[in-house]
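Contents: one structure, followed by commentary.
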Amino acid sequence: MQANDSQTLVLCALADRPLHGYAVNSAIEELTGRRLGPGSLYGALARLEAKGLVEPTGGDELERQRTVRLTSAGREVLAAELSTMARVSQSGLRSLGIKPA
Amino acid sequence: MSTAARLVRLYPAPVREVWANELEDATAAAGLRAWPSIVAGAADMWLHPQLWPADAAVQRRIRLTVLVVTAGLAGWLVVLRLGEPGVDVSHGSSRLVFLGSGLAVAVGLVSSAPRARLEVHTVLGLLRLAARRLTLPVGLAATLPLLARSQAAAHPTGLFAMVLAAYLWTVLVVFCLQVCRVVAGCREYVVTPSPRRQAFGTGLAALGLGGVAFLCLAHLASDQATSGALVEGLLLMALAGLLAHLASACVGDSAHA
């Protein structure tokens, strides 16, 4: 799985509600059938946080897990990515003669 | 300490401060098959210091600069050894390439370096920081002329020659490490360059190291080819590649600045 896919999957997992890393990976497993390796998952989280697309919710300093959420910029980026992917997927399916859902 | 905890210690300290618990738990839960991912993830973080958790964007940029300076100084140390595998850069086109490459590295590193804020207290603070960090290597370097004048150093042989060479290289390595520590600690005294200027400077330095690497590898085609030239050429290529990667990381930063 390429780096950008990992980041998109993490953004998708966080679209619904704030989650900590383990829960993000569980959500990704529900979506794709596979979990990300810990290096890939936390590398994606570090990149998304550096880009300002996710942020910690705070208040869980005593917990072992750190909960993060999408920022408004993260929501916009995710919406744009998913719209592009939807257009590409509809075009591809049409070309294959399969009616998009 | 568990294996998971040991593997997580491969990560840089700022990353461990934020993610260590989760990384350990995820690694322990996934078992042996997670080890390659953790090791690759740690290497990825060391190659991307601008991604480490930070208080501010300037801290990320300073970390990137530290890695650029480290790679540049490592390249300088490799080039200092250049004469020993017999790579001749004293005349002809080799000399031109060598000098041009050296200029590119120097101009590149200076372009990508942060600038001191032009206020009295920040300049003094920066000088104090430099004095603290560089006193040791400068002090060690000051003993070199004394050693050079000694009778034993006039015609060094055997063990003494090895000790002298080791001492010289220790002074150089300590100097380079302390320069990197000055850059790492100068955040409050400097203004970081724009991402584009940093990308340009880093890319230029990459080009310079690549030029010297080319000289080393071209030397392999000569009658005096040695394995030393091959090793140094490959090291310089790796450092040039690292700087080129960091230059592209600077450009990536500019999209999020």
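The values are calculated or read from the model by the stated rules, or taken from the named source; none is laboratory data. Source: prediction; values computed, not measured. We place every Cβ from the backbone using ideal geometry, glycine too, and count neighbours over all the protein chains shown. These area figures cover heavy atoms from the full protein model, side chains too; ligands, DNA and RNA do not enter into them. Shrake-Rupley method; radii C 1.70, N 1.55, O 1.52, S 1.80 Å.
Quick notes on this one:
- Qualifying position, being assigned to a helix (DSSP H, G or I) and either more than 12 Å from chain B (Cβ to nearest Cβ) or at positive phi (or both), among A:29, A:81, A:49: A:81
- Of all the listed residues (A:76, A:81, A:30, A:55), the sole one being closer than 25 Å to residue B:47 by Cα and either touching a Phe, Trp or Tyr at 6+ places or on another chain (Cβ under 7 Å) or at pLDDT 90 or above (or both) is A:55.
Let's see how each residue does on (1) within 19 Å of residue B:116 (Cα to Cα); (2) among the hydrophobic types (A, V, I, L, M, F, W, C); (3) without any contact (Cβ under 8 Å) to a residue 24 or more places away in the chain:
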| residue | (1), (2), (3) |
| --- | --- |
| B:189 | yes, no, no |
| B:195 | yes, no, no |
| B:204 | no, yes, no |
| B:211 | no, no, no |
| B:221 | no, yes, yes |
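- Residues (part of a helix (DSSP H, G or I) and facing chain B (nearest Cβ under 10 Å)) located in the stretch A:32-43: A:38, A:39, A:40, A:41, A:42, A:43
- Filtering the stretch A:52-75 to residues that are within 12 Å of chain B (Cβ to nearest Cβ) and among the charged types (D, E, K, R) leaves A:55, A:60, A:61, A:63, A:64, A:66.
- Residue list for the stretch B:64-87, restricted to those being open to solvent by 40 Å² or more (accessible area, probe 1.4 Å) and either over 26 Å from residue B:215 (Cβ atoms) or modelled with pLDDT under 90 (or both): B:76, B:80, B:81, B:83, B:84
- Extreme residue, most open to solvent (accessible area, probe 1.4 Å), among residues of the stretch B:30-45 that are more than 8 Å from every other protein chain (Cβ to nearest Cβ) and of a type in the set (Gly, Ala, Ser): B:43
- Number of the condition not met by residue B:99 [criteria: (1) in contact with a Phe, Trp or Tyr (Cβ under 8 Å, 6 or more places away or on another chain); (2) hydrophobic (A, V, I, L, M, F, W, C); (3) free of Cβ contacts under 8 Å to residues at least 60 places away in the same chain; (4) under 17 Å from residue B:211 (Cβ atoms)]: (1)
- Single condition residue B:1 does not satisfy, out of (1) facing chain A (nearest Cβ under 9 Å); (2) among the aliphatic types (A, V, I, L, M); (3) open to solvent by 50 Å² or more (accessible area, probe 1.4 Å); (4) without any contact (Cβ under 8 Å) to a residue 12 or more places away in the chain: (1)
- Residue B:192 closer than 25 Å to residue B:237 by Cα and among the polar types (S, T, N, Q): no
- Scanning the stretch B:46-62 for residues that are at the interface with another protein chain (Cβ under 10 Å from one of its Cβ atoms), in a helix (DSSP H, G or I) and crowded, with 18+ Cβ neighbours inside 10 Å, we see that the one that is modelled with the highest pLDDT is B:51.
- Residue check for residue B:158: at positive phi and open to solvent by 20 Å² or more (accessible area, probe 1.4 Å): yes
- Residue within the stretch A:32-42 that is in contact (Cβ under 8 Å) with a residue 40 or more places away in the chain and within 14 Å of the chain's Cα centre (by Cα) present: no
- Residue list for the stretch A:19-46, filter: open to solvent by less than 40 Å² (accessible area, probe 1.4 Å), over 15 Å from residue B:24 (Cα atoms) and either of a type in the set (Phe, Trp, Tyr) or in contact with a Leu (Cβ under 8 Å, 6 or more places away or on another chain) (or both): A:24, A:27, A:28, A:44, A:46
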